[in-house]
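The values are calculated or read from the model by the stated rules, or taken from the named source; none is laboratory data. Not measured: the values here are computed from a predicted model. So basically every Cβ, Gly included, is an ideal-geometry build from the backbone, and we count neighbours across all protein chains shown. The area values use the complete protein model at the heavy-atom level, side chains included, leaving out ligands, DNA and RNA. Shrake-Rupley method; radii C 1.70, N 1.55, O 1.52, S 1.80 Å.
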Amino acid sequence: MKFYEIAEQLGEIKRYGTTPMLRDENVAEHSYYVALLALALVEDYNLRHPKNPISTETVLKKAILHDLEEGVLGDIPTPIKNQPGYRENYIKKAKKVMNNIILKGLPTKIANNWFSLWVKDKSEESGEVIKLADRLQAFLTTKREVMAGNSHMEKILVNISNNLQTEEYMRLIEKFSLAKKFLNLEEEIKELAA
């Protein structure tokens, strides 16, 4: 099946490809770490909100699928993603790749479900978990690199720390409060952004 061949490619695609790293990380590892963080965040949220739980199954599916298109398109560095108009064009291209290449050959119901989950990977409450887990994973990776002496990652860590202090992410950190307890973010973010 094509989707599995492409998923295997994720293990060969280096993240932060334009920045020297002491310990390389590939997209498959990243997806696993995002899924693990998302699982912890959603389980904690559901324990605190038993009358309004978020589907753990949906969160895990979205986490696993969230960067699947990178098996064909590669990992795009954030400065490039942030260029005017780039994100919209990338999304159009990624939708075609998902439908015409990656999900092709799967039973229609599965392909349609996966596509829907992938399209909505950062929307709805389950998507909020993925969005926060994705950013936390980037924070932890860059923090590990900087603490190990990689000065090339310092600017990236500061940018991610500043991003985590935006109103949007602070709201998510409050909502999924394990994030700040687990990572001790309150002090670390302020210290790194200073």
> Among the numbered criteria (1) without any contact (Cβ under 8 Å) to a residue 12 or more places away in the chain; (2) open to solvent by 40 Å² or more (accessible area, probe 1.4 Å), which single criterion is violated by Leu73?
Replying inline: (1)
> Can you name the residue in the stretch 159-185 that is open to solvent by less than 40 Å² (accessible area, probe 1.4 Å) and outside any helix (DSSP H, G or I) and is also modelled with the highest pLDDT among such residues?
Replying inline: Phe176
> Scanning the stretch 2-31 for residues that are open to solvent by 90 Å² or more (accessible area, probe 1.4 Å) and modelled with pLDDT of 90 or more, which turns out farthest from Ile110 (Cα to Cα)?
Replying inline: Leu22
> Can you tell me which residues in the stretch 101-123 are open to solvent by 50 Å² or more (accessible area, probe 1.4 Å), in a helix (DSSP H, G or I) and at pLDDT 90 or above?
Replying inline: Ile101, Thr108, Lys109, Ile110, Asn112, Asn113, Trp114
>> I need a count of the residues in the stretch 41-56 that are closer than 16 Å to Leu178 by Cβ and surrounded by fewer than 17 Cβ atoms within 10 Å (Cβ to Cβ).
In response: 9
> Just one of the numbered conditions (1) farther than 20 Å from Tyr32 by Cβ; (2) open to solvent by 20 Å² or more (accessible area, probe 1.4 Å) is not true of Asp134; which one?
Replying inline: (1)
>> Cβ-Cβ under 9 Å, sequence separation 6+ or interchain: first residue in the stretch 40-61 and under 25 Å from Ala111 (Cβ atoms), partner open to solvent by 80 Å² or more (accessible area, probe 1.4 Å) and not in a loop (DSSP other than H, G, I, E, B). Which pairs?
In response: Ile54/Glu124; Thr56/Glu43; Thr58/Glu124
> Taking the stated definitions as given, is Glu188 of a type in the set (D, E, K, R), over 18 Å from Val42 (Cβ atoms) and at pLDDT below 90?
Replying inline: yes
> If Asp75 passes every condition in (1) at pLDDT below 95; (2) in a helix (DSSP H, G or I) but one, which one does it miss?
Replying inline: (2)
> Does the stretch 57-65 contain any residue that is loosely packed, with under 13 Cβ neighbours inside 10 Å and modelled with pLDDT of 95 or more?
Replying inline: yes
>> Within the stretch 39-50, does at least one residue satisfy the condition of being in contact with a His (Cβ under 7 Å, 6 or more places away or on another chain) and not in a helix (DSSP H, G or I)?
In response: no
> Looking at Ile91, Ile80, which is the one that is closer than 20 Å to Glu128 by Cα, at pLDDT below 95 and open to solvent by 20 Å² or more (accessible area, probe 1.4 Å)?
Replying inline: Ile91
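Table: residues versus (1) small (Gly, Ala, Ser); (2) more than 25 Å from Ser126 (Cβ to Cβ); (3) touching a Lys or Arg at 6+ places or on another chain (Cβ under 7 Å).
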| site | (1), (2), (3) |
| --- | --- |
| Lys2 | no, yes, yes |
| Leu10 | no, no, no |
| Thr18 | no, yes, no |
| Leu22 | no, yes, no |
| Val27 | no, no, yes |
| Tyr33 | no, no, no |
| Leu41 | no, no, no |
| Asp44 | no, no, no |
>> Just to be sure I understand, how many residues within the stretch 94-114 are under 19 Å from the mean Cα position of the chain (by Cα) and of a type in the set (Lys, Arg)?
In response: 1
